[in-house]
Every structure is written in structure tokens, then in C-alpha cells.
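Novice: My questions all concern the structure below.
Since every read-out is calculated from the coordinates, none of them should be taken as a lab result. What you see is a predicted model; the values in this text were computed from it and never measured. Glycine gets a Cβ as well: all are built from the backbone with ideal geometry, and neighbour counts include every protein chain shown.
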Amino acid sequence: MKPCDCQIHRRAFLSRGIACVGLLGLNNLLAQEKAASHGVVNPLHHPAKAKRIIFLYQAGGPSHLETFDNKPKLRAEGGKPMPESFTKGQQIAQLQGSKLTCYAPQYDFKRFGKSGQEICELFPHIGSVADDICIVRSMWTEQINHDPAHTIMNTGSIIPGRPSMGSWVFYGLGADTNDLPGFVVLLSTGKGGQMQPIAARQWSAGLLPSKFQGVKLNSIGDPVLYIENPPGVNAKLQQSSVDAINKLNRAEFAALRDPEIQTRISQYEMAFRMQTSVPGLMDMSKEPQKVLDMYGAQPGDGSFASNCLLARRLAERGVRFIQLYHRDWDHHGGLKANIALKAEETDRATAALITDLKERGMLDDTLVIWGGEFGRTPMSQGGDGRDHHIKGFSYMMAGGGIKPGITYGTTDELGYAAEENPVSVHDFHATMLHLLGIDHKRLAMKFQGLDVRLTGISGDVVKDILV
Amino acid sequence: MTRRLTVSRQQPEWLSDSHRQGPDYHGRTRSAIYSSHVNAKFCVGLFFLFTASAEVRFNRDIRPIMANTCFRCHGPDKSSRMAGMRLDIRDEAVKPLRDGATPIVPGDPEKSAIVQRIFATGARVMPPSSIHKELTDVQKNTIRQWVAEGAKYEGHWAYQPVQRATPPAPGNPVDAFVQARLAKDGMQQQPEADRRTLIRRVSLDLTGLPPTIEETESFAKDPAPNAYEKLVDRLLASPRYAEQQAMHWLDFVRYADTCGFHGDNALPAWPYRDYVLHAFRDNKPFNEFTRDQLAGDLIPDATRDQKVASAFNRLNRTSAEGGLQPKEYLAKYGADRVRTIASVWMGSTLGCAECHDHKFDPFLSRDFYSMKAFFADIKETGLVPDRGAKAWGTQLALPTPEQQKRQEELKDALDAAKVKLTATMARLQPQRAAWEKRLLDDYAAGKLVWHNQHPISAKSANGSVLKIYNEEPVLFTTYDGNNGTQDSKPGDGLVIASGPNPDNDTYTVTFRPGAGTWTAMEVQVVQDEALPGIRVARGADRVVLSEVEAEVSGRGKAPFASGMSNLNNPSAEFPPIAAIDGDLSTGWAIATYNENTKVALALRFTEPLHTDGDSTMTVRILQNSEFRRATMGRFRIALSSGDYSYPHQDAGKEIPDNVLKSLKVAEDKRTDDDRKRIAAHFQWAVPEAQADVIAVAKLEAASAMLEKQIPHVVVSEATEKPVDTRILGRGNWMDETGEVVAPAIPVFLGKLDTGGRRATRLDLANWLVDPKNPLTARVYVNRVWRQFFGSGISKSLDDFGSQGEWPVNPELLDWLAAEFVHPDWQAEGAHDWDMRHIVRMIVLSKTYRQASANNDERDPDNRLLSHQSRFRVDAEVVRDIALSVSGLMADKFGGPSVKPAQPDGYLMAMNFPKREYSASHGDDMYRRGVYTFWQRSFLHPSLLTFDAPTREECTVNRTNSNTPLQALVLLNDPIYVEAARAFAGNILKHEGSLGDRINWAFERAISRAPSGEEKRVVSDLYRSSLQQFRKSPDDAAELLKVGEAPTPSGEKPAELAAMTMVARALLNMHETITRN
């Protein structure tokens, strides 16, 4: 193909509207020596601090009051009625119609590190990296039930069909790998059994081409759906089959010059490379025992700890956005025991990931995020739990251009509503994209006459937490 | 396919939005094109496309620019209007502003503020740099020229009446309009595609299936002048046509089989899909089709079909999450309906008006809520229960006449049996006091205790590993909804199943009860957190015991007379006696997820059973239900000598707690509840009543099982008093200060004349399909057009507003819309709003029939149709092609959704209940994709990978992507491997050399013979695979075991396996899944 033909074809292709995948496929074709796919934000809007994101998504709604937001006043008020001035006219989930009583934080807080950050005593390992992390205590969202709250946290909208943040980032930046998907999702399940469902919508590409959807790596069955050869088909047979398919497709391309066929060929090549690279990725047996111990990971157990280690391996291999869901934070009851269980499951591994990335020199350009879809009420539910809560909750972030060792924003004295420096979901998204070198207002997709963005029509970068 | 991409200004210009808007096609003069800063080569390509047009036209040239750059701040939305300047209405735009400047001075661009500002530099430039919407020089000059020419405004094209122009030439008007447009640029169409391509194209488009070899040959050789027309009419008459059209329609109406939010449980909806199938099969006029769906229930003397169609209003996502705020969800449901109807019928993006007036189009926020108010009469709740008696709100039962007759018979019989039982209980009433005393005495003396049996053996019929824990300690992890507990204690006769996990199983347990006399046996279903689903079964969301049998050594079978379980939420169609009725198709089940954690099923022996010290007792538990892996993970067997031991796993609960409490209340102090509880327990316990109790139980079970077989569907039911619909400020559902609005169509489109009566959904439907409605017909035919050319005449199928694409051939769009409403061309047998007629005239056109080869690069994205388009088929069709080519496809039309196999663990992130997937078996494995059970939160992964929408939201425009995951599906998803295996069997059945067989296989898969090169590639694959499989016969055997289809006898495994590799390669070819 002559270069000028390429130009024309590429345009023909783009203007047909199925563009992007074709573009990337063709880019690969045109620049086969390059190992990475580019995104549409090229060049970046401004220099990036972070190259990739590892999002430790604590699903179910972790209590900020037993993790990162110390509320002595609430402790003092435990058992007393919740002042109506806080709750009047506010949204309430399962406590609708109930008498509202303050529920004292169930654990003490301690100061950690040189920075003296206050963190719940249940999280000593996170405490040990206190000087590397930034705690945001003033998050708020607008959806009070799990499903829509996840959806807005992931896509910036509650209407299904919007791309998830991982898809936006992959679409915007491409990935530094051609052997693995650019956006990977991992799921783990806590032992407490308070597990809310998570829909595949949370990692959907929505309006973006499905190439940008999150690919879930599974701990049972095939790590990637259909990655294993059929029974009785060994690697050699698979290779000769893929070769034959590509030869047949090349013959068709020679006759028709349709770039879509070329894309198909390169996708078969990538599929075959994935078949080879995924088993190696998943095989953690070569990780030193010291590392396994640091995370508390037992290879193959599908735990949050193993997923944290896997996340580091994915980051090393050039995956752009790695999202780990840990389910089981929905503590309507039995909070005291269950939050301790969650701490046991997540504390060590979270800290290990930060430490490990730091030791490998990767923390500087990897943004680690820890948080869920909302927080929990300062009010008691059933005497031993907390209900869903949207007006104020905490996030923790580290690396990738985030100012270390600081606590940002506050909630009011009872931990009810974000008070100082409130951070909305859109602000959070804007900040995340900013760190990646993307102006959130300029990463958009035309849909139904609108420029659809991750941040909707609002969102401000939280400059105070940037290095 | 027609989604546009926007990116930042730093992106190459060819990616940016301005080049995807109408003016590119129509607006620019030659000089404008030359002055563009766009890459010169690109311009050369487009140059010929743009008709030289001296006059700038507002709709074609100006509105799209302004909509993209000006209207956000100077458009219809008052709240965001800047400087009091409004540009979308001429009267406003020519008025001087407060600062004295006049936005537009017609005929005098230099005096016009907008021209000054767009050519300004620095801070004064409009649009401001902060919005990143810089105007190109071409755009600026176009605006200047328009003002100079008098700034003539036009109403937006989509809101003007449809105009039926006289076709510019005789023949099929589709061709006349398309060719006239091409001729303006000196372009021509391609000649007709060859017959093989043509039959494959039209078969895939109309039926979603490739033609058979016989069909292809017969068409290729048919000398009749109307050969193609005959073919088209044959395809249109096929039920496969209805399936293909239904597939598209179901996306629009967001049809799915589950509710979408949270637990995402199964919603009774499939009869609605059958309605849609029948509508396309019977070619129902679109106006009736519309009325049925929006308001079927409101049509006077509505038929059953019309009521079923009204399920359309109930297909929105609903939630049953505890703690949801009902008002919030009612707002969500209503908004969903407005978005769907606006998108599907009006091609309008009304969604944004939920929070504010539309930024670009004349829709007001009030319009959004007025539209929503049409649906305020539908009976619904914010929390839509997904189980129990009130599940899913209003449903319509759809019994067959036979089922209806049987229902009536059962009801009569049951009434009679109940009368008899009541009489018996009245007769036995005098014995109750004595019975109560005996019951309490027996209980106190421990005579009612269940004796857990310690098995000496436990065997599975289908390979599960059953391990016995008698004295051995076991970790029990239970979870009661809030709290988890862990406890390690001796198993006490516990049997745990592990290892292979068969779909069905029979457990056989043997134990020595010792000497005794036994009245009842109990199966304890032991919950554990380690188990999936509802924590009792090895797989499914339920445990089903189809039959339980007991036998004592030397004495033969010990039959059971009756059964009782301690379920909190028993399912009427799974009663205890179904486990002892000798019928394997019925069973007792734990089928809801919020269940008692210590479930037991007690079965009373017909006669007391005597055992000696060395007697062996064998219990067989058959678990043969249709539910995959609804088998117990942990269980015990216990025996009782008491006369009336209530089932439970814990000692001391042989009388239910609440009954015990009531029994202890003195007779004269008892409440009604006490008396009811005692009476129920007495009835269950007293032997003399058993025959009558069982008679009632059997009839109740039969009724419940019949009821379960009768299809149900959610439908609309109107209330007398529609709820108030308020305008919600910024869409905030908590804001109760907004004005209450009555149902109304968007104000700028007119007003419904109802003579003062509140307008209804039926009025809305009638307005939508009024021949004068400017939108509906255009929107419909534009979507149909996309099916046959890959893109609409306007490619923005769901946005006919100012941000949408100006139709590339407006005369054609209008002519088709008019033809849709009143057929005129070859209209014999056609009726108004004839959906099939429009399809027929499109596929009969030369435009449709031309070859796809593109020899003219002036129109690179083929908007003008100088040739046909090539595109990948839809997700369902990808699968249908494999099933059809392989001969596996089951051709049943309609019926309940089916569950094709999918990977284990795919649903692991779901809950309430946790669940595992029960795949369909038999023919249902091979049904067409349109029948796939549509699980919104986790759509079948192969369909999802090929861009099938989740249908959480209305989708009129699927994406069409090309990804590595698609390659993995086609290569490795077992259904595609099985299809390859079956296809290979058929290839081998074809007599002849390897070359002949390969020819046949290509003909079957892609309707053409292979080239020499292709033949060589495939022969090489066959030979190398054959060598491999001869070397490793085990591999061949493994491969041939994939799926359930039988392996043809008489074929050698290595040959069959090698040919499977060939078939698989063919099914993976780009050409196979492409419509050309």
C-alpha cells in the first residue's frame, strides 16, 4: 500500500464513524515497530504526572468514620439523638422513617508517620505509609443506592450507556501494551458476606467502541473469558489456525482493500498474543516469598491481596487503568466485627502495593486510589450498623502527582456533610484526568447532540492536593 | 455505527467535530473549500462532493455551526443565556442589545455584532477560547456571507411538514433520488452485484441468516426477469424476517429479561417479544404497532395482544433494593420513558430537558415533564418487588384455552376438598384439647426429638464426592443477612458434596438407625457460606429435591404419606408432597434467597417403621430438576419416633416457637392468631385428618404448578387518578416546589385537542402516528435505511435536532416518509404505515443491489451511495450464522427466552440472590440470538463482545467494533467450537476429494467457491491438523466432545477433528461475519 492510499483509507474509515478501533488497528499496521497504542489525546493537554491508575474500589460503601475520618464529637454523642439540623430534608436510605441516633465510631484513631495523619487503628499498615498518602475527607456524591452510586462514581452519570472512567482513560491515552487490554478489572469478595452486586456496566465502554471496555480478569475459570484454547487444541494447532484465518483474511484484503479487514487481522494477532501473555501474567509462582508475604497473597486465592499484587504486575506490563473491586463493605449491621474483617483483608495489601510501587520507582507515575461509592451514616442502623450516606465520605490517594502526607477537606463535627473543601465525584474525576495530562473538558464524545464527558458539565481540578 | 467522535482542538482536524456536520456536505462554495486550512489532499477528496451553491442557507449551512458554537449561550435555554442575546430566533437576533450593539443587521455584516466578534482577536473573540469551540475560517466566512445575503432564517428541517417531491426520474424512486444526487457531483452507481453476493446480502439483511447452497444455486441460475423480486418476497414472508426485524426493535424499546438494577432478577417479559415477532410476521401497520405499545391497555375493548404490547411501558429498569427512596425511582422510571419515546418515535434528545431547557433545540424543561405526565396513570411503585405475591406489579396471565379449562377444574376440585377438610376438622375439634396436652407432654419428654443419623456410606450417581462427617469436626459458616458466624463442631451425620459438580445428581445414603419405631424422616439442608447461590445448593439459586425414597434392609420400600417443611417462604409450585409423588418432573424446593437458615423437610411414613439393632436403612435423594446444579451441598438425614415432630435442624424446635408460645396461653386468653396457629398445627398433626389434608395439598400443588406453567407478562394498568407530575428544578426529585403539569406534547410542536379532557397515552400515540406529525415517519424510515446501507440518510438516528446531521438526501428522506404513511409506489396490497413495504422497496432498488466495490474516492464514507457498503453483521447474527451454517440451528419461532451456555463464574458479582447460570439444553441451546435471555447487568458475554447493547437504556444505534475479544469468542467459545464440529461432520458427509469438500464448505459458509490461494491455505490447515490429531488421538477425542450435538457415526475421529479445524477457520473469516 502506498502511503497516500493509507491516508485516504484512513480517512474513509474514520469518516464512516466506526473510526477509533480502525484507527488504532491501522496505526498499528502503519507503525508496527511501536509497542503501544495511542489514544485520542495525543499530544497530552499538559504534562502528565501519572501514567497509569490503580483504583482499589471498596464496594458497598466503606464507613469513613471507621477508616479515615476521626470524629471525637460523634464518639461523645454516641447513643444520643442525631440533631435534626443535620438530617432534615436530606436523603435517607434504609433509615427512612426511623428514629435517628448517633452511633459512636467503633474504633480509635491514631496518628501515623511524620505527617501525623489520623487513621483508624484498624489500618496500621496504611498508617505505615501515612507519609505517602493523601486523605480526602470531604467527598460527596448524589446517589444513595449502590447500583446508581457505582454508576455515577464510574461514569459520572446515572444514565446507563456512558463510558466508565477506565474506558475514558484508555480511549484518551491508549496503553503501553499490545498484549493485554488497556483497562483491566479484578474482583474479590470479602468474607463477611455483605456483598452488593456489581453490574458489568461499571466497566463498560458505553458509547465508546467496545475495544475500550474493561476486561475482567477472573480468579475462577479462564482468567479472560475464552482465553483458553478449546479442549484438544494445543498451542501449535491454535497458532496454525490463527495463521490460516489471517491468511484467508489477507486474501480478502488483497481483493477488497477494506481497512476493516486489516483491523480484523491485527485483532486476531493480538488475541493470540493475549493467549500467550495472560497465563504468564497470572502465574505469580515466581514472585519471591518475601513479596507474597508483604501483600499477604496466596497465588490463586482470588483475594484482594492477590489482586493487589496482580495489579502491580499489570501496571508493569503497561496496562493503563487497573480497577480492583473488593465487595463486602455494606455494613448495615454487625459493623464492628465486619469492619475489622475488611481491615484485615485490605490494610496490609493496600500498604504493600504502595510500598512495592515505591520500591520499584513506579509510585511517582502511578496513581493509587482507595475508596467506594459512598460513605456511611453517623447515625446507627439497628444498633450495630450504619446506613448508606452521600453527603460526606473519605477517599485515599497516593502517588502519580498527589501531594503526600496531607489530609484534605473536612466533614462537619458529626461526620455528616462535607464542610471544608467539598470534593464532588466530578471534581474527583477532573483531578484524576488532570494528573494523566488530560483536561477533562476536552475529552468528549459526541452523543445525541451533546459533548458527553466523564465530568458531565461540571468538575474542578482539586489543585490543593497536587504536588 | 454512526457515532461521532469529538476530541480536543489539538487533534487532527479530520477527527474534529466540525467535519462531521452537515455543512461539510452542503454548505461550502468552491472558494470556501480552497480557503480551508484542512489538509489539501482531503479537500480534493471532498471537493467534488460539494455542490457549488451561491446562496448560503440557514438550515443547511448556518444552524449547524451556531448550534455547535453559539446556542449554548445564545440559544433557547434562558438560564444560561449570556448578554441577553438570542440567535436562534431572527426577531430576537436583529434587535439591538442593551449595550447598543445589534447582533445581526441583515445585509450589513460589518455592522453586525456577531460578525465583528467572530472575526475579532484576543479577549473579544467569539466563541470565547474557554469553550474550545474555535470557528474555522470557512465557517466565519459562511456566516458573513449569510448575513450579507439578508440573514434569512428557516425553520428546522425536521419540524417542517414532510414533502413528497416528484421523483426526478421514472423507476424505483429510491434510485431516482439517489442517482440524481450523485449526478450533481458527476458520480455514478456501481452495476448490480453478482447473484451470489446479492442473495447473501439480502438474506442476511432480511433474515439474519446466510442462504443455503441450494438457495444460492437456484437464484444464481434463475433466468426469470423477476428472479430477485421472487427471492425478496420469499424472504419477507419468512418467520426469520420477523425475528431479524424484532432484533432491531427490541434494542429500541430496551427489551430485556431482567429488571436491570441491583439484584437484576428475571422479569416476566418474553410474551412482549412474541407480540413484536407477530407484529412483524403479520406486518402490522406501524400506527397500530405504536398505539398497542404505548396505550394498548387504553384501547376500548383491548385485545389480549394489545394488553401484552403495553408491556412496553414496563420495560424500563426497576429496582428492588432495600432502602431506595420511592420518589427518586419513580422519577427515574418516568424519565426513562420520556427518553425512550423521544428517541424512538421523535428522533429527539429530550433527556437533557429533565434538568434544563434544551440547549440547542426548542424543547423546554416543561415539555419533558408534560411528556412524562402522559405516563402518570400507570400503576407502579418506586420499589418494584422482584419476588413474592406482589412481584413486578401488574401482570397479565396468558393461559392457553386448555390451561384455562384445567384451572377452572382444579379450582372446583380444590373448593370441594377444602369444604371436606373443614368438615373433618370440625368433627375432630373435640379431640384438640387432649391432643394439645399429649403434644406438650411428648415434647417435654423428648419424644419428638429428631435423631441425626450417622451414615456408613454416601454415594453420588453422577460423580460428586460425598464425604461423611460424623464425629469429625466441620467448620460451619452461616450468614443470616446481617451477621456471619463461624463455628467448628462435629458434623453429627453431615454429608458434604464436593469435586465434580454435575447438573443433576442422586445421593444415596445408608445408615443404621438401631432398634426403634420411626414415624417420620427428615432431610436437613445445611446452609454454608462456602456454597454459591442461596448458600445451600452446589450451583443454582435453589435446591430442588425431585423425589425422596427410603428403604429398610429386608423390608423393602418405606412409603411416605405426607410432607412438611419449615420454610419461611415456601413456593407454592414446589410443595413438600411433590418430593414423594413419584413424579420426577415435580419437586420440593428452597427457591427464595431470604430463607430460614436451618431448613428441613419432614416426611411422614405411611406406617410406623420398625428397625432392629442391625437394620440398614437406605435413603435415595433424587435431584433431577430442570435447574442446573440445584443439588444440596451439605445435608443430614434424621429420624423421629414422635407423632408430630415439626421439621427443624436444631433440637428443641420440634414445635415451632410461635406455636409453642400460643399453646402455653390459657384457652380463654388466646388471641385469634394463637387459635389460628394452633389450629393449623393441629390440622397438620392429627392423623385422622391426613387424607383430607393431603387431598387439599395435592390440589394446591397442582394449581400452583399449572400457574407456573402459564406465561405471565408485565403490562400497563391505568389508575383512575394519575399521580401529579411536577416540573423538577434541575431534575431534583426532592424539589416539591415545581409546577404540576398536565400531559402535553412539546409546546412548539402544537397542542393536542382533547376538548379539555386530560390527555392520555392513547392521545400521545395517536399524535405520534398522525400523518401530519413531521418526525415519526422520517425517524422510522431513516432507521430502516441504516439496516440496508450501514448508515441513515441522516446518520444521527436519534437526533433530528440542530446538533444532528442534516440528511444527506432530504428529498429522499421525505419521499420515503410520505411513502411509509401512504404507500403509492407498487402499492398493491400495501397499507398505510406499512413497515414491510418500505423494506421491500429499499431492497428492490438498484441502489441496494449494486456492488460494494468503491472505485470513487470522492465520497470515502459512501454517504451518497455510489456503491453498497460492507459491514459486520450484528451480534446475534454472528452466532446465527455459525448455527445455521453448521446445521445446528433450531428454528422454533417465539416462546420463552433461552440460556445459551456461558462460562462458569460469569455472574459471580451478582447478588440477591447469588447465582449460577442454568444453561438451556436440547434445542434451546441452538435457538437464534434474538431469543437469548437478556441479563441486563451481565449480558451473555459473546453477545456483549459483538456490541449487543445491554438494553439498560434505549439504543437505536449499536456500535460496530472490531476487537481482540471478538477473536477469542469466535475461536474459543464452546458454541463456536461445537458449530465447527457439526459443520465438519457435514463437510465430511459431502462426497468427493478434499478439494471438493473445501469447495462445498466455502459455498455453505460464504456462498462462493474458494480461490486457489484460499483452497491451498485451508488444505494445508487440514493436513497439518490431521497429522497432529493422528499423533494425539486423545486430543481429537477431547475436541469432539465439545457441546451436546452428537458426533456423526462412521467418521474417523482424527479426520473429523482436522476438518473441525477447517470449519472453525471458515467460521472465523472476516467475510463470514460480514455482509457485503
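Novice: Please arrange B:Ser1024, B:Ser130 by how many other C-beta atoms lie within 10 Å of their C-beta, fewest to most. Display every interim value, and only then the final one.
Specialist: Working: B:Ser1024 18, B:Ser130 7.
Arranged by neighbour count, lowest to highest, B:Ser1024, B:Ser130 become B:Ser130, B:Ser1024.
Novice: Which of the peptides B:935-941, A:266-272, B:893-899 is most tightly packed, and how do the rest follow, going by the mean number of other Cβ atoms within 10 Å of each residue?
Specialist: Sorting B:935-941, A:266-272, B:893-899 by mean packing, highest first, produces B:935-941, A:266-272, B:893-899.
Novice: Could you tell me which of the pairs B:Lys152/B:Lys751; B:Lys1015/B:Lys1041; A:Lys391/B:Lys899; B:Lys390/B:Lys664; B:Lys557/B:Lys698; B:Lys661/B:Lys708 are separated by over 30 angstrom between their Cα atoms in the structure shown?
Specialist: A:Lys391/B:Lys899; B:Lys390/B:Lys664; B:Lys661/B:Lys708
Novice: If you don't mind, another one. Which whole number gives the average count of other chain Cβ atoms within 10 Å of the Cβ atoms across peptide A:213-219? Display every interim value, and only then the final one.
Specialist: Working: counts 5, 0, 3, 4, 0, 5, 2.
Mean partner shielding for this stretch: 3.
Novice: Per residue of chain B, what 222 nm ellipticity follows from adding -39500 (n - 2.57) for every DSSP H run with n ≥ 4, rounded to the nearest 500? Write out the running numbers ahead of the final one.
Specialist: Details: 36 runs with 395 residues, N = 1076.
Result for chain B, helices only: -11000 deg cm²/dmol.
Novice: Oh, and also: What order do you get for B:678-685, B:343-350, B:924-931 when each peptide is scored by the mean count of other beta carbon atoms within 10 Å, highest first?
Specialist: Details: B:678-685: 18.4, B:343-350: 25.5, B:924-931: 23.8.
Final packing ranking: B:343-350, B:924-931, B:678-685.
Novice: Can you tell me which lysines have their Cα less than 19 Å from the Cα of B:Lys467? Leave out same-chain residues fewer than eight positions away.
Specialist: Partners within reach: B:Lys459, B:Lys489.
Novice: Okay, next question. How do A:Arg320, A:Arg312 line up, fewest other C-beta atoms within 10 Å first?
Specialist: Values: A:Arg320 28, A:Arg312 22.
Listing A:Arg320, A:Arg312 from fewest to most nearby Cβ atoms yields A:Arg312, A:Arg320.
Novice: Projected onto the charge dipole of chain B (+1 at Lys/Arg Cβ, -1 at Asp/Glu Cβ, origin at the Cα centre), which of B:Ala180, B:His990, B:Ala1065 gives the Cα projection farthest towards the positive end?
Specialist: The residue sitting most towards the positive pole is B:Ala180.
Novice: Then there is this: GluC sites (Glu not before Pro) within the stretch B:687-726: which are DSSP loop residues with at most 13 other Cβ atoms inside 10 Å?
Specialist: Working: sites: B:Glu688, B:Glu700, B:Glu707, B:Glu717, B:Glu720; in loops: B:Glu717, B:Glu720.
Taking the stretch B:687-726 and a limit of 13 other Cβ atoms within 10 Å, the loop GluC sites (Glu not before Pro) found are B:Glu720.
Novice: Taking a quarter of the surface of the Cα convex hull of the stretch A:101-238, what do you get in nm²? Please report the intermediate quantities before stating the final value.
Specialist: On the way: hull surface 53.7 nm².
The Cα convex hull of the stretch A:101-238, projected and averaged over all directions, gives 13.4 nm².
Novice: Using the Cα centre of chain A as origin and beta-carbon charges of +1 (Lys, Arg) and -1 (Asp, Glu), tell me which of A:Ala50, A:Tyr103, A:Thr263 is placed farthest towards the positive end of the dipole.
Specialist: Comparing the listed Cα positions along the dipole, A:Thr263 ranks first.
Novice: Taking loop as defined by DSSP and a crowding limit of 12 other beta carbons within 10 Å, which GluC sites (Glu not before Pro) in the stretch B:98-189 fit?
Specialist: On the way: sites: B:Glu110, B:Glu134, B:Glu149, B:Glu154; in loops: B:Glu134, B:Glu149, B:Glu154.
Loop-located and lightly packed - none at all.
Novice: So how far, in whole Å, is the C-alpha centre of the stretch B:816-860 from the one of the stretch B:55-130?
Specialist: The stretch B:816-860 and the stretch B:55-130 have Cα centres separated by 40 Å.
Novice: Going highest first, how would you order B:638-649, A:279-290 by mean Cβ packing within 10 Å?
Specialist: Numbers: B:638-649: 22.9, A:279-290: 12.1.
Highest to lowest by the protection proxy: B:638-649, A:279-290.
Novice: In the P(r) worked out for the protein assembly as shown, what percent of Cα pairs fall beyond 47 Å? If you can, show how the numbers build up before the last one.
Specialist: Numbers: 531413 of 1189653 pairs.
Summing the P(r) of the protein assembly as shown above 47 Å gives 45 percent of all pairs.
Novice: Given the -39500 (n - 2.57) contribution per DSSP H run of 4+ residues, what per-residue ellipticity at 222 nm results for chain A, rounded to the nearest 500 deg cm²/dmol? Present the calculation step by step, with values, prior to reporting the outcome.
Specialist: Values: 13 runs with 159 residues, N = 467.
-10500 deg cm²/dmol, from helical runs alone.
Novice: Inside 10 Å of the C-beta atoms of B:950-959, what's the mean count of C-beta atoms belonging to other chains? Don't skip to the end; give the middle numbers.
Specialist: Numbers: counts 7, 1, 7, 6, 1, 3, 1, 4, 1, 11.
Per-residue shielding by partner chains comes out at 4.
Novice: Can you work out ³J(HN,Hα) from phi for every residue in the stretch A:163-175, in order, using Karplus 6.51 cos²θ - 1.76 cosθ + 1.60 and θ = phi - 60°, giving whole Hz and x for Gly and Pro?
Specialist: Residue by residue, the stretch A:163-175 yields x, 7, 4, x, 5, 4, 5, 5, 5, x, 10, x, 9 Hz.
Novice: Another question, then. Of all beta bridges DSSP finds with both residues in the protein assembly as shown, what is the antiparallel percent, to the nearest 5?
Specialist: Values: 99 of 130 bridges.
Of the beta bridges lying entirely in the protein assembly as shown, close to 75 percent run antiparallel.
Novice: Given Cβ point charges of +1 (Lys, Arg) and -1 (Asp, Glu) and nothing else, what value in debye, to the nearest 20, does the dipole of the stretch A:84-242 about its Cα centre take? Mind showing how you got there, number by number?
Specialist: Numbers: 12 positive and 12 negative charges, 47 e Å.
Its charge dipole is roughly 220 debye.
Novice: Could you work out the percent of alpha carbon pairs in chain A separated by over 27 Å, rounded to a whole number? Intermediate results must be reported in sequence, preceding the final value.
Specialist: Working: 60052 of 108811 pairs.
Summing the P(r) of chain A above 27 Å gives 55 percent of all pairs.
Novice: Set Lys and Arg Cβ to +1 and Asp and Glu Cβ to -1, take the dipole of the stretch B:158-288 about its Cα centre, and tell me which of B:Leu267, B:Ala256, B:Gln160 lies farthest positive.
Specialist: Farthest towards the positive end: B:Gln160.
Novice: In addition: Taking loop as defined by DSSP and a crowding limit of 11 other beta carbons within 10 Å, which trypsin sites (Lys or Arg not before Pro) in the stretch B:735-769 fit? Can you show the working numbers first?
Specialist: Numbers: sites: B:Lys751, B:Arg757, B:Arg758, B:Arg761; in loops: B:Lys751, B:Arg757, B:Arg758.
Sites meeting the loop and neighbour criteria: B:Lys751, B:Arg757.
Novice: I'd like the FRET efficiency for B:Lys751 and A:Ser458, computed as 1/(1 + (r/R0)^6) with the beta carbon distance as r and R0 of 35 Å, rounded to 0.05.
Specialist: Values: r = 36 Å, r/R0 = 1.02.
Calculated transfer efficiency: 0.45.
Novice: What residues have an amide H closer than 5 Å to that of B:Ser562, excluding those fewer than 5 places away on the same chain, when H is modeled at 1.01 Å from N in the peptide plane?
Specialist: B:Arg604
Novice: Rounded to the nearest 5, what % of the DSSP beta bridges within chain A are antiparallel ones?
Specialist: Values: 26 of 54 bridges.
Percentage antiparallel, nearest 5: 50.
Novice: Tell me, B:Tyr469, B:Tyr275 in order of fewest to most beta-carbon neighbours within 10 Å? Don't skip to the end; give the middle numbers.
Specialist: Working: B:Tyr469 19, B:Tyr275 26.
Ascending number of Cβ neighbours within 10 Å: B:Tyr469, B:Tyr275.
Novice: When the dipole is taken about the Cα centre of chain B, and only Lys, Arg (+1) and Asp, Glu (-1) are charged at their Cβ, what size is it in debye, to the nearest 20?
Specialist: Details: 134 positive and 140 negative charges, 434 e Å.
Here the size comes out at about 2080 debye.
Novice: Give the long-range amide H neighbours of A:Val215: residues separated by 5 or more places, or on another chain, with amide H under 5 Å away, using H modelled in the peptide plane at 1.01 Å from N.
Specialist: The answer is A:Phe183, A:Val184, A:Val185.
Novice: Shifting gears a bit: Whole-Hz Karplus ³J(HN,Hα) for the stretch B:655-670, in order, using 6.51 cos²θ - 1.76 cosθ + 1.60 and θ = phi - 60°, x for Gly and Pro?
Specialist: After applying 6.51 cos²θ - 1.76 cosθ + 1.60, I find 10, x, 3, 6, 5, 4, 4, 5, 4, 7, 7, 4, 3, 7, 9, 6 Hz.
Novice: Dividing the convex hull volume of the Cα atoms of chain B by its residue count, what figure in Å³ per residue is obtained? Don't skip to the end; give the middle numbers.
Specialist: On the way: hull volume 242.3 nm³, N = 1076.
Taking only Cα atoms, chain B has a hull volume of 225 Å³ per residue.
Novice: Same structure, new question: Given H placed 1.01 Å from N in the peptide plane, which residues other than close sequence neighbours of B:Asp108 have an amide H under 5 Å from its amide H?
Specialist: none
Novice: Something else: Under unit Cβ charges (Lys, Arg +1; Asp, Glu -1), what dipole magnitude, rounded to 20 debye, does the protein assembly as shown have relative to its Cα centre?
Specialist: On the way: 184 positive and 188 negative charges, 593 e Å.
In debye, rounded to 20, the protein assembly as shown gives about 2840.
Novice: Can you give the average number of partner chain beta-carbon atoms within 10 Å of each beta-carbon in peptide B:1009-1020, as a whole number?
Specialist: Numbers: counts 0, 2, 5, 1, 5, 5, 0, 2, 8, 3, 0, 4.
For this peptide, the per-residue mean of nearby foreign Cβ atoms is 3.
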